[in-house]
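Taking it in order: structure first as structure tokens, then the write-up.
The values are calculated or read from the model by the stated rules, or taken from the named source; none is laboratory data. Since the structure is predicted, the reported quantities are computational estimates derived from the model, not experimental observations. Backbone-built Cβ (ideal geometry, glycine too); neighbour counts: all protein chains shown.
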Amino acid sequence: MPHIMFRSEIRHRVTPLFDVDLTLSTESRITALYGPSGAGKTTALKLVSGWIPSATAVYVEGTRIDRDESSATVPLNQRKVGMVFQNDLLFPHLDAAGNATFARRYLSKERVYGDPEFAELVGRFGAAHLMGKPVKALSGGERQRIGLIRALASRPKLLLCDEPVGAIDRAGRFSLLDRLREHAEAEGIVMLLITHDPDEIRHMAGHVWHIDSGRLIAEGPPERFFGAFGPNG
Amino acid sequence: MIRLMSIAESIGLNGSDLTAIVLSTFVAFSASILVGLTATPLAWFVAKRPNRFSGPIVALASLPLVMPPTVTGYALLSVFGRNALLGRILERSFGVVLVFHWSGAILASAVSSFPLYFLTARSAFARVNPDYEQAARLMGCREFAVFRRITLPLALHGLTVAFLLGFVRALGDFGATLMVAGNIPGRTQTAALALYDAATLGEAARARALAALLGVVALVALWFAGRTPVNREI
């Protein structure tokens, strides 16, 4: 059974070229979306999440998450989709802790600051020292860490990552991706990952969707696209 | 109180002027609260849920800004006067008479200051990046929680400016208040009306003191409004 699949039937004005019919490989829980700028990768994530309203059907682990049993649309706030944004979208009026706990506190109706599970998550991403800081005082990399924790703290079934480590230096990037993969595997999270870096794709993903002009033009294992040593090697 | 009276007299004001200043402050504050409670949801609706009714709503809500204040006052009398339908219902059901009463001054000031608050609040809500709101929905928030936890805090500086502008406008209302509440010293006479009395009676020192007082309050409020960082990226 595929981990996730979605079929878009939209002819949305915002995304006139987007026309997707994709099924995620059963081989990997992590799929990378690869393609040039403007190919429609971020739009794909927004369609999957429900951010952009559409007729897109989204299945996670064989269960449709955008419609309930009576075919009614599931509200965005009940889809259990976590999203890490390219521009982090940390709430500027909250501090790092307020952002990190935002979804978790709301979903579980409990104060999670101090909760051992949350503390472990914060520790895993090396962000304990950031918790009291205002968002404005965080560097780009620190903001992305908090964005990752915020998305994971909501206990998503599906995690959508739009260049989640783009602002972090190369050495730290792979360490953080390792922790992200460990967490996703431990929690059984299905992940869609956008990145421009073939090395990151090979490091993380078991499957690649190559998208261009809003269309899937190829899919397969990373080695098919980048070889064993990357696109130029 | 005696000391306050002596200070007032030293700058040319009399006891009735002090009552007018207190009444003005009370009326302006009450009107601002009333406007805040009614205009905030309307401004949010227009800014965040634009639809075919948005244009007419904005035009109607902004009307007192461009109409002669006497027209606003006359319109209020036509609706809330003792012989008007709503006025009769209020009097018979609740014993409330707005005409020639301080409550009428609150209503008139509220209507006059409504557009300033509404338009400023609408801009404040419109400046809130909708991506933050959509992200909050994705993180489990229902619509009211999105408003309470994201939209309202991010628009708060703009709403503070809206409140200050509305307060100053309500404090200085003249025409509509005169039409609805009259100009009864000690009962419905506000500072702006007392200033009119002083000027027409040729009491220059009294008029100068009242004008200066109203001017300084407005200046301080606008200074605070100018200091509020509404233009930061949100």
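Listed here are the strands (runs of 3 or more DSSP E) enclosed by the range A:28-101 that have at least 2 residues being within 10 Å of chain B (Cβ to nearest Cβ): A:81-84. Within the range A:35-60, if we keep just the residues that are within 15 Å of A:PRO164 (Cβ to Cβ) and surrounded by 22 or more Cβ atoms within 10 Å (Cβ to Cβ), the residue that is farthest from the chain's Cα centre (by Cα) turns out to be A:LYS41.
For the range B:52-61, does any single residue satisfy the condition of being aromatic (Phe, Trp, Tyr) and in a helix (DSSP H, G or I)? Talk me through it step by step, then tell me what you get.
At the first step, the residues of the range B:52-61 found to be aromatic (Phe, Trp, Tyr) are B:53.
Now narrow it down to the ones that are in a helix (DSSP H, G or I): none.
No, there is no match, as no residue in the range B:52-61 is aromatic (Phe, Trp, Tyr) and in a helix (DSSP H, G or I).
If a residue has to be free of Cβ contacts under 8 Å to residues at least 24 places away in the same chain and assigned to a helix (DSSP H, G or I) to count, how many in the range B:62-75 make the cut? Steps first, please.
Step one: list which residues in the range B:62-75 are free of Cβ contacts under 8 Å to residues at least 24 places away in the same chain, which gives B:66-67, B:71, B:75.
Going one step further and asking which of them are assigned to a helix (DSSP H, G or I), we end up with B:66, B:71, B:75.
The number of residues fulfilling the criteria is 3.
B:ASN129 satisfies every condition listed in (1) free of Cβ contacts under 8 Å to residues at least 24 places away in the same chain; (2) surrounded by fewer than 24 Cβ atoms within 10 Å (Cβ to Cβ); (3) within 11 Å of chain A (Cβ to nearest Cβ) except (1).
Within the range B:198-209, residues that are surrounded by 11 or more Cβ atoms within 10 Å (Cβ to Cβ) reach partners that are among the basic types (Lys, Arg) with beta carbons closer than 9 Å, at six or more positions or on different chains, in the pairs B:ALA198/B:ARG206; B:ALA198/B:ARG208; B:ALA199/B:ARG206.
Filtering the range B:214-234 to residues that are surrounded by fewer than 18 Cβ atoms within 10 Å (Cβ to Cβ), closer than 21 Å to B:ALA8 by Cα and not β-branched (Val, Ile, Thr) leaves B:GLY215, B:ALA218, B:LEU219. Please determine whether any residue of the range A:161-179 is modelled with pLDDT of 90 or more, touching a Ser or Thr at 6+ places or on another chain (Cβ under 7 Å) and under 25 Å from A:GLY38 (Cα atoms). Within the range A:161-179 (the criterion being modelled with pLDDT of 90 or more, touching a Ser or Thr at 6+ places or on another chain (Cβ under 7 Å) and under 25 Å from A:GLY38 (Cα atoms)), the answer is yes, since at least one residue qualifies.
Tell me, which residue of the range A:5-25 that is out of contact with any Asp or Glu (no Cβ under 7 Å at 6 or more places or on another chain), at pLDDT 55 or above and not acidic (Asp, Glu) is surrounded by the fewest Cβ atoms within 10 Å (Cβ to Cβ)? Before you say what the answer is, go through the steps one by one.
Here is the first cut: in the range A:5-25, the ones out of contact with any Asp or Glu (no Cβ under 7 Å at 6 or more places or on another chain) are A:5-6, A:9-25.
With at pLDDT 55 or above added as a condition, the list becomes A:5-6, A:9, A:22-24.
Narrowing the set further to residues that are not acidic (Asp, Glu) leaves A:5-6, A:22-24.
On the way: A:MET5: 16, A:PHE6: 22, A:LEU22: 18, A:THR23: 13, A:LEU24: 22.
Checked the range A:5-25; the qualifying residue surrounded by the fewest Cβ atoms within 10 Å (Cβ to Cβ) is A:THR23.
Candidates in the range B:212-234 are the residues that are over 19 Å from the mean Cα position of the chain (by Cα) and either under 16 Å from B:THR25 (Cβ atoms) or of a type in the set (A, V, I, L, M, F, W, C) (or both); of these, the one that is modelled with the highest pLDDT is B:ALA212. Among the residues making up the range B:76-114, those that are out of contact with any helix residue (DSSP H, G or I) (no Cβ under 7 Å at 6 or more places or on another chain), surrounded by fewer than 17 Cβ atoms within 10 Å (Cβ to Cβ) and part of a helix (DSSP H, G or I) are B:SER78, B:LEU85, B:ARG88, B:ILE89, B:GLU91, B:ARG92, B:SER93, B:PHE94. In the range A:169-177 there is no residue that is within 14 Å of chain B (Cβ to nearest Cβ) and not acidic (Asp, Glu). Checking each residue in the range A:131-151 for being within 14 Å of another protein chain (Cβ to nearest Cβ), surrounded by 15 or more Cβ atoms within 10 Å (Cβ to Cβ) and farther than 26 Å from A:ASP199 by Cα picks out only A:VAL135.
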